[in-house]
Amino acid sequence: MTGSDHSDTRHPSNARERFDRWSSSYDSRRSRLFFGRLHRRLAPLLAVEDDERVLDVGCGTGNLAVSLALDHPGASVNGIDFSPGMISAAREKLPPGVNVVFRVAAAEELPFGDGEFDLVYSTLSFHHWEDRTKGLAECTRVLRPGGRLIVIDITGDRWYCRMYRIFGCFRHLTGHVPYAGAAEISGLFEEQGLVDVRQERVWPSIILTAGFLPV
């Protein structure tokens, strides 16, 4: 499947516009403290190797993708986000010579060929995907046999996430679909044919789900 840098119509325009506006302040001090701490926790769990092809789905302004590329200069890293504003910010601050390519795309329509990546990961964007099943199918499609998919997201099992399910009718204000529970995410991985699915709680409200595409 191929694509170009354009706004994806699968996502409500107000959600995309909200992230475009947020892109200018996304790297505020408070945001850097939160995401910096989270990314330091996640980097060893992603276990990137120097010769791997890596895809960050919902990369925001690209902080984790760039960090991984700096730590593993032999890796080839791609980042996609459905917000043109986020991708513009990521490109503007990309250090010269760092092997990362950013492009506008949605999880549900990845502009890559089958089996291109050793690792596909998503950090705190899963709850923004309009069609989770199609998004995970696309992530699985672009994995090579033996490749791994890792999704890190807020889990719907916490009380405040359950409250959001109750008030899910206000999704047009937040850009979220209701948070998924841990068992739901694991089940979606298995539906895509991923094996050795495991989960690890990395923060009280954030869970990592990992699975492998069979060889």
Pair list, Cβ under 7 Å, 6 or more apart: the stretch 110-131 residue charged (D, E, K, R), other residue open to solvent by less than 10 Å² (accessible area, probe 1.4 Å): Asp114/Val142; Glu116/Val142; Asp118/Val54; Asp118/Gly147; Glu130/Glu108; Asp131/Glu108
Specify which of the listed residues (Gly147, Gly156, Gly135) is part of a loop (DSSP other than H, G, I, E, B), buried (at least 18 other Cβ atoms within 10 Å of the Cβ) and either modelled with pLDDT of 95 or more or in contact with a Lys or Arg (Cβ under 7 Å, 6 or more places away or on another chain) (or both). Gly156
Where the second residue is part of a loop (DSSP other than H, G, I, E, B) and the first is β-branched (Val, Ile, Thr) and lies in the stretch 202-215, which pairs have Cβ atoms under 9 Å and are six or more apart or on separate chains? Ile206/Leu124; Ile206/Thr155; Ile207/Thr155; Ile207/Asp157
Has the stretch 83-98 got at least one residue that is within 22 Å of Ser205 (Cβ to Cβ), modelled with pLDDT of 95 or more and open to solvent by less than 20 Å² (accessible area, probe 1.4 Å)? no
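Quick one: which residue in Arg144, Arg132 is in contact with a strand residue (DSSP E or B) (Cβ under 9 Å, 6 or more places away or on another chain) and among the charged types (D, E, K, R)?
Checking each option against the conditions leaves just Arg144.
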Looking only at the stretch 108-132, and only at residues there that are polar (S, T, N, Q) and part of a strand (DSSP E or B), the one that is farthest from Arg53 (Cα to Cα): Thr123
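Yes/no matrix, rows are residues, columns are (1) open to solvent by less than 10 Å² (accessible area, probe 1.4 Å); (2) at pLDDT below 95; (3) out of contact with any Phe, Trp or Tyr (no Cβ under 7 Å at 6 or more places or on another chain); (4) not charged (D, E, K, R):
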| residue | (1), (2), (3), (4) |
| --- | --- |
| Arg103 | no, no, yes, no |
| Glu109 | no, no, yes, no |
| Gly113 | no, no, yes, yes |
| Glu116 | no, no, yes, no |
| Leu124 | no, yes, yes, yes |
Pick from the stretch 41-62, criterion hydrophobic (A, V, I, L, M, F, W, C) and in a helix (DSSP H, G or I), ranking: surrounded by the fewest Cβ atoms within 10 Å (Cβ to Cβ): Leu45
Just need a number here: residues in the stretch 64-99 that are in contact with a strand residue (DSSP E or B) (Cβ under 9 Å, 6 or more places away or on another chain) and outside any helix (DSSP H, G or I). 13
By residue number, the members of the stretch 189-215 that are open to solvent by less than 20 Å² (accessible area, probe 1.4 Å), closer than 17 Å to Val120 by Cα and not small (Gly, Ala, Ser) are Phe189, Leu194, Ile207, Leu208, Thr209
Aromatic (Phe, Trp, Tyr), at pLDDT below 95 and in a loop (DSSP other than H, G, I, E, B): does that describe Tyr179? yes
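The values are calculated or read from the model by the stated rules, or taken from the named source; none is laboratory data. Fair warning: this is a prediction, and the values are worked out from it, not measured in the lab. Note: ideal-geometry Cβ built from the backbone for every residue, glycine included; neighbour counts use all protein chains shown. Just the protein is used for accessible areas: all its heavy atoms, side chains included, with ligands, DNA and RNA removed. Shrake-Rupley method; radii C 1.70, N 1.55, O 1.52, S 1.80 Å.
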